[in-house]
Amino acid sequence: MKKRVLLILQYLFFLGLGVFLVWWSIKDINNDKWAEIRLSLKNARFYLAIPVFIILLLSHFVRALRWRLLIEPLGYKPDKTNTFLVVMIGYLANQAFPRLGEVLKCTLLARYEKIPADKLVGTIILERLIDAVSLILIFSITLIIQPGLYSKLADNVFTVAGEEETKTIRGYVLVLVLIGIVAVIIAAWMLIKKKNFIDLSHAIQRIGQRIWMGLGAVRHLKKKGQFLVLTLLLWVLYLSGGYIGFHALHETEHYGIKEAFTVLSAGSIGMIITPGGIGAYAYLIEATMQLYGLQQSIAVAFGWLLWIAQTVIILIGGLFSFALLPWHNKRKRIAAG
């Protein structure tokens, strides 16, 4: 019961954070800036939503294929359509409650493919570890091609308007703030769980061992080459979606791959921070694009356009998947006859 209450409070906190960021991103937009946003959206190339939707759907299908490769060593080879449909349902569930999607993915695939759900949980954990490593690589590439970028982004996000001049929190202060947040979280965990520093050390070691074991599992996959290609393709598709998104607005059409890497990095963090990325995704994209000289009103419009495109495809795809999953399996049973 206590664990359930903590999960609910955690969800409400991050949802509240998302709502706060929505307000924060638009609080300084006056009537003139709203007029600029309306004009920009009026002239937007909305037909580009079609290739973006196709790319996003394809990325979800690639993720399903990659997950299927992680399941095969367990002795099971789930149907591709079933795997894709439960992935879409998982994304939809995560919009409402983080981590619920992972539970549903395991439960539904276990039901329709006769795979023990507890075995699927391990593949989900492994997939998340691989995503974390991939995201670190994306950050590294972004830093290599744009040195000092994240310090500038921190300054932009944490700039506060003073009465006489603009006061900026520098990048090193942000690092200290983040370290402080981590320290508070660790201290709260130790108090609630009644753990000491030895327990903390053991917990860190276990996390490190799991990460190493996860990466080792990829090395021992029979189709590791195919797995790596699918992982690369997945992130290329994510990158392409942002790049095409630049051409939706006349004010952003001159941006290229370098800026797309930055959008991918910031947007990925935004999707992690709040449920479905609400508030956080658009706000981080807004702050990111202002680094490149884009005026605030257009940056706000661009951030929300990208977030809406991703959310719409998940809502539509997830709802259709809910309907198609039982229908598809009924047809399979009839065909098997």
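Once you reduce segment 44-113 and segment 281-325 to the center of their Cα atoms, the two points are 19 Å from each other.
Couplings 3J(HN,Hα) of segment 49-58, computed from phi: 4, 5, x, 5, 4, 5, 4, 5, 4, 5 Hz, in residue order, whole Hz [Karplus 6.51 cos²θ - 1.76 cosθ + 1.60, θ = phi - 60°; x for Gly and Pro]. As a rough guide to protection, the peptides 240-253, 315-328 ranked by mean Cβ packing within 10 Å, highest first, stand as 240-253, 315-328.
Using the Cβ-Cβ distance between ALA323 and LYS224 with R0 set to 45 Å, the FRET efficiency works out to roughly 0.80. Take every Cα pair under 8 Å whose residues are at least 6 apart in sequence, average their separation, divide by the length of segment 279-337, and the relative contact order is 29 percent.
Values in this text are rule-based calculations from the coordinates and carry no lab data. Because the structure is a prediction, the values reported are computed rather than measured. Note that we place each Cβ from the backbone using ideal geometry, even for glycine, and neighbour counts take in every protein chain shown.
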